[in-house]
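The values are calculated or read from the model by the stated rules, or taken from the named source; none is laboratory data. Given the structure is predicted, the values throughout are model-derived calculations rather than measurements. Glycine gets a Cβ as well: all are built from the backbone with ideal geometry, and neighbour counts include every protein chain shown. Note: accessible area is taken over every heavy atom of the protein model, side chains too, but ligands, DNA and RNA are not part of it. Shrake-Rupley method; radii C 1.70, N 1.55, O 1.52, S 1.80 Å.
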Amino acid sequence: MRRLPVYFVLDVSESMAGTPLLQLESGMEQIVRSLRTDPHALETVYLSVIAFAGKADVIAPLIDVVSFYPPRLPMGSGTALGDALNCLMNSIERDVVKTTPDRRGDWKPVVFLMTDGHPTDNTDSAIERWKNQFAHRVQLVAITLGNQAGTSVLSKLTDDVLCYEGNDGKTFKQFIDWISASVTATSHAVESNNDGLSLAKKPSNLTLVKDFPEHKERTIDESVVVLRGRCQKSERPYLIKYNRSEDAGFSGKEFELEGAFPIEESFFAWSVSSESDSQVNTEQLVGVPPCPHCGNATAFAMCSCGKLLCINEPGVHTCPWCKNEIEFSGEGSGGFDVARGRG
Ligand SMILES: [Zn+2]
Ligand SMILES: [Zn+2]
């Protein structure tokens, strides 16, 4: 039986916190449900999921559609695309059976790479490796989620760079349907045509990217501000996410609150180990969220150790990071600098 290996390489950086990550998780479930209804896909398609943030790893090893269980997606700080590509190439080398004179190997693997940001690591050597050893035997579709920026590096990997620009659950479902339909169509096409990849008709919010403006290398995503905190009561971590404001009315203020989101301890393992030294001043941020764990009035109190915690009222509180007691006066202290994540 010749298998059709399909890899999903998913960006789980902190800029995906909230709805985008949940959509991606349910999207994987939707793809599996759909593939299970097609006898041909059921027989030939094998799925694997690789996640990447500050680090990359296989979170679902290559397995047939019936046995595949959609993984919970982790989250971390950073967008290590170079790491992700190396992880993908190592997986392909390990998993995919090559065709030899006396053995028919697997069909050409298909990769759906989805990212919402700029790489925060160096991708040069991974791209070289891809071009030399993989580009001719793997079919990669790169999709940027809601952001055309950062596509120039993707254009070095493939001609199929697509941009998804939807903003609600309905358009996201159409986008996921398109992936399922493309995988199913490819599982049919490989039988008659070795080159295989057969993309379904694109929904209107998914477009082929033709312009790839060069961008300068950066170690931080400029479109979001993501801050980490810990709940004083439960000690569990959370993220506070702000998006760059498009509204000129926000004079001086640059980022609007999207919300605060609970995260897992595994966040720290999925993040680049070095803290970014980039800071943001609170004067640039609009909105303060309550604690997503315990409901305390603000998730935005800063300890003298430089970390954020939640508090309900002024007074003496114990920092869940450094365990020291600290007094909050409750008087507005003007702007102060906070360390921001890499996005
Ligand atoms: Zn709390
Ligand atoms: Zn502290």
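Which FRET efficiency, nearest 0.05, do T19 and S304 yield, Cβ-Cβ r, R0 30 Å?
Result of the calculation: an efficiency of 0.30.
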Residue separation between T171 and H40 times 0.36 nm, minus their alpha-carbon distance, gives in nm 44.5 nm
Let me understand region 91-159 better: what is its radius of gyration from the alpha carbons, and its Dmax, in angstrom?
14.1, 46
With the alpha-carbon atoms as the only input, what is the per residue convex hull volume for region 224-339 in Å³?
108
So what's the net charge close to V32: Lys and Arg +1, Asp and Glu -1, counting the other residues with Cβ under 15 Å from its Cβ?
-2
Probe 1.4 Å, all chains present, heavy atoms only: I63 accessible area in Å², nearest 10, is 60
Send over the per residue convex hull volume for region 4-208, Cα only, as a whole number of Å³.
110
Can you work out the accessible area per residue across region 1-98, with the rest of the protein chains kept in place, probe 1.4 Å, in square angstrom?
35
If you count the DSSP beta bridges with both ends in the chain, what percent of them are antiparallel, to the nearest 5?
55
Please give the charge dipole size of the chain, origin at the Cα centre, charges +1 on K and R Cβ atoms and -1 on D and E Cβ atoms. Round to the nearest 20 debye.
960
Accessible area of V316, 1.4 Å probe, to the nearest 10 Å²?
90
Sort out for me the Cα centre separation of region 1-56 from region 89-157, rounded to whole Å.
15
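Work out the P(r) tail for the chain: percent of alpha carbon pairs separated by more than 31 Å, whole number.
Everything past 31 Å amounts to 37 percent.
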So how do D337, D116 rank on accessible area, 1.4 Å probe, biggest first, that is with the largest at the start?
D337, D116
Anyone know which of S234, S180, S34 comes out most mobile in the 10 Å Cα GNM of the chain?
S234
Summing +1 for each Lys or Arg and -1 for each Asp or Glu, what net charge is found among the other residues whose Cβ lies under 12 Å from the Cβ of A84?
-3
Carbon/sulfur accessible area of the chain, % of total, 1.4 Å probe, equals 47
Among P290, P262, P39, the residue with the largest mean-square fluctuation in a Gaussian network model of the chain built from Cα contacts under 10 Å is P39
Taking the 0 to 90 degree range and rounding to the nearest ten, how far is the long axis of helix 124-133 tilted relative to the main principal axis of the chain, both from C-alpha atoms?
10
Run the lone-cysteine check on the chain: no other Cys C-beta under 4.7 Å from the residue's C-beta.
C87, C163, C231, C294
Per the helix-only calculation at 222 nm, which mean residue ellipticity applies to the chain, given -39500 (n - 2.57) for every DSSP H run of n ≥ 4 and division by its residues, nearest 500 deg cm²/dmol?
-7000 deg cm²/dmol
Can you tell me the dipole magnitude for region 1-130 around its Cα centre, using point charges on the Cβ only (Lys, Arg +1; Asp, Glu -1), in Debye to the nearest 20?
500
Hey, if you put +1 on the Cβ of every Lys and Arg and -1 on every Asp and Glu Cβ in the chain, which of F172, A200, A17 ends up farthest toward the positive end of that dipole?
A200
